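For reference, the structure discussed in these notes is given below.
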Amino acid sequence: MLTYLLSLPMNRKLKIADLDSGNAGRQIFISKNNAKTHQQNDQELWNAFKEGSLTAFRLIYEQNIDSLFNYGHKFTSYQPVASDCIQDLFLDLWNRRSKLGKVKNIKGYLFTCYRRRLLDLLKKQKKNLHVEYLNGFEILLTEPINSWDLGEDIKTSITAALNALPYQQKEAIYLRFFNDLPCSEIGEIMGIMTQSVYNLISSGLKTLRLSLLNFEKV
């Protein structure tokens, strides 16, 4: 049986040891042809992972670990819980890889599985999870916006406006604009209809625009 030792140190990098599978070291070559879509590349990578490619497994992990950790940290401030849940998720995926179905968007699939697993765990630990979730999903302006030429005042204003939104609007906007996920995938992650995602984002952006207009008038 394969033995996978995944560790999540401070830099949350994957460590793999004690491989005893003939296919584990098989190389996976993802096409760099620009004509290929992200979905096609994801399908190639996912198929290779299902066939036992350690390289594909490593790529999937390393491409998504930071985004998953940041997402999990929105639900709980206790980092070991978020980290352990990611480790358990990837171990489970590896062990069940041959039974997994087709995946069009790997990141969206991982977010869906991780959200469900983490919330189930937190619900067992805290009866008032819903209240904590409502008040705790905080968006910080990090990588996507730090590269923009914005003053500290406007950054502070955007952050305050974002976090004043209802929690579902915040989560939908976070997944769409901070993680570049399509609305169809966001619907799967949040367990709602795609049209509901569009509505949440539209309403949230409208409120943000009004908030920023008020800021400019000050």
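The values are calculated or read from the model by the stated rules, or taken from the named source; none is laboratory data. Note that the coordinates shown come from a computational prediction; the quantities given were computed from them, not determined experimentally. Positions of Cβ are backbone-derived with ideal geometry, glycine not excepted, and every protein chain shown enters the neighbour counts.
One table, with the values for the structure above:
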{"read-out": "Condition broken by Trp94, with the remaining ones in (1) hydrophobic (A, V, I, L, M, F, W, C); (2) in a helix (DSSP H, G or I); (3) at pLDDT below 85 satisfied", "value": "(3)"}
{"read-out": "The stretch 160-182 residues that are not assigned by TED's automatic domain parsing to the domain that holds Leu208, paired with ones that are crowded, with 18+ Cβ neighbours inside 10 Å and in a helix (DSSP H, G or I) (beta carbon under 6 Å, 6 or more apart)", "value": "none"}
{"read-out": "Contacts under 7 angstrom Cβ, first residue in the stretch 55-78 being over 16 Å from Arg115 (Cβ atoms), partner surrounded by fewer than 16 Cβ atoms within 10 Å (Cβ to Cβ) and at pLDDT below 95, 6 or more apart", "value": "Thr55/Gln27"}
{"read-out": "Filter result for Glu51 (more than 27 Å from Asp120 (Cα to Cα), of a type in the set (Asp, Glu) and in contact (Cβ under 8 Å) with a residue 24 or more places away in the chain)", "value": "yes"}
{"read-out": "Residue in the stretch 180-193 that is nearest to Ser67 (Cα to Cα), counting only those that are among the acidic types (Asp, Glu) and assigned to a helix (DSSP H, G or I)", "value": "Glu185"}
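Conditions (1) at pLDDT 70 or above; (2) assigned to a helix (DSSP H, G or I); (3) exposed (fewer than 15 other Cβ atoms within 10 Å of the Cβ), marked per residue:
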site	(1), (2), (3)
Lys127	no, no, yes
Leu134	no, yes, yes
Ile154	yes, yes, no
Ser157	yes, yes, no
Ala161	yes, yes, no
Lys170	yes, yes, no
Gln195	yes, yes, yes
Ser202	yes, yes, yes
Leu210	yes, yes, yes
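One line per residue, one yes/no per condition, for (1) part of a helix (DSSP H, G or I); (2) surrounded by fewer than 20 Cβ atoms within 10 Å (Cβ to Cβ); (3) at negative phi:
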| site | (1), (2), (3) |
| --- | --- |
| Ala48 | yes, no, yes |
| Gly52 | no, yes, no |
| Leu59 | yes, yes, yes |
| Phe69 | yes, yes, yes |
| Lys74 | yes, no, yes |
| Ser77 | no, yes, yes |
| Gln87 | yes, yes, yes |
| Phe111 | yes, no, yes |
